[in-house]
Amino acid sequence: MKNKRLFRFRNVAVVCVAVSALSVVLWIFQPCLGNSKSRKTWSSLLEYASDSGLPTFRTRVHQPADLIKYVDMSVEYRTRHGAVAHVTGYKRENGDIAIKAKFHGNAKFFYEDLAWAKDLDGTLGYIHPNGEWAFKVDAYSAFDFIGDRAIIRNISESGHTIDGFIDKYGTIVVEPRFWDVENYIGEFALVSLPTWRTRILKKIVDVSGMSINTCFSYHVYIIDREGKKCTNAEVLDWINEQQNQSREGRN
């Protein structure tokens, strides 16, 4: 009788340990499920954008269409690191100079009538098609406008890049804090932040030198134009609402 009780106790203990271990594993990998759902919702938004003509990174159109970056090889200058570089500007498709080369760097094309540019003194901002500054930005780097929003990038205290968004007036509408972002599509953008698991993995990487990248290292989710987190249901409801309005407009 005593042996039977001991056997049952051991079985119960084994089950408890197994359940506890499974719970810990599920808790650790919980972000993977949430990330997968967010990416699936983002794919639905991409599909809707393709069908409706909403601008995305892949479908954006140059505006003005005839301006393209060029490098003036006749003008050299030294960068702050001592390297030899050449100034850049914009030409038209027919070869005429539209904006005289005077920048350390600039976007290849204009989008939504704005292009990022950096002066030789390091001033970063956006210019109009006539070459005049639209506004300056206090950031490490800047990117093209898509859907009235542009990504800006800074460097965090830990040395990692952090991204946010500005509007077409140069106002920061989403403070740089995300480790990765996708351009806005309609009302939404896909972003990611590190989890506490990332800090643990970073320590392992620092000690071992191994490269580790897992699905539970980051929390991936969707934000609105003010940077507030949205549920997947809210995004899908917005897509359905837009589709219904489009059908009503055709009828």
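What follows draws every value from the coordinates through simple rules; no lab data is involved. Computed from a predicted model, the values in this text were never measured in an experiment. Every residue, glycine as well, gets a Cβ built from its backbone with ideal geometry; the counts of neighbours run over all protein chains shown.
Inter-part distance, the range 29-66 to the range 101-139, computed on C-alpha centroids, equals 26 Å.
Annotation note: GluC sites (Glu not before Pro) in the range 71-161 located in DSSP loop regions with a Cβ neighbour count of at most 11 within 10 Å are Glu93, Glu132, Glu157.
Apply the a/c threshold of 1.5 to the C-alpha gyration tensor of the range 79-136 and tell me whether it is rounded, prolate or oblate. Mind showing how you got there, number by number?
Numbers: a/c = 2.41, a/b = 1.34, b/c = 1.80.
Verdict is oblate for the range 79-136.
Scaled against 2.2 N^0.38 Å for its residue count N, the alpha carbon radius of gyration of the range 115-157 is 1.17.
Pairs with C-alpha atoms separated by more than 18 Å, drawn from the list Lys69/Lys102; Lys40/Lys168; Lys69/Lys100, are Lys40/Lys168.
Computed over neighbours whose Cβ is under 9 Å from that of Glu187, the net charge equals 0, Lys and Arg +1, Asp and Glu -1. What the phi angles of the range 232-245 give under the Karplus curve with 6.51, -1.76 and 1.60, with θ = phi - 60°, is a coupling list of 4, 5, 5, 5, 5, 5, 5, 4, 4, 5, 5, 5, 5, 5 Hz, glycine and proline written as x.
Which shape class, rounded, prolate or oblate, goes with the range 43-168 when its Cα gyration tensor gives a ≥ b ≥ c as root eigenvalues, a/c under 1.5 marks rounded, and past that a/b bigger than b/c marks prolate? Taking the square roots of the gyration eigenvalues as a ≥ b ≥ c, the range 43-168 is oblate.
Scan around Phe145 for amide H atoms under 5 Å from its own, H built in the peptide plane at 1.01 Å from N, and keep only partners 5 or more places away or cross-chain. Those lying under 5 Å, H to H, from Phe145 are Tyr111. Considering only DSSP states other than H, G, I, E and B, which chymotrypsin sites (Phe, Trp or Tyr not before Pro) in the range 156-192 qualify as loop sites with at most 10 other Cβ atoms within 10 Å? Here the chymotrypsin sites (Phe, Trp or Tyr not before Pro) that fit, given the DSSP loop and packing criteria, are Tyr169.
Under 5 Å between amide hydrogens, built in the peptide plane, is the criterion, and for Val75 it picks out Val87 among residues at least 5 positions away or on other chains.
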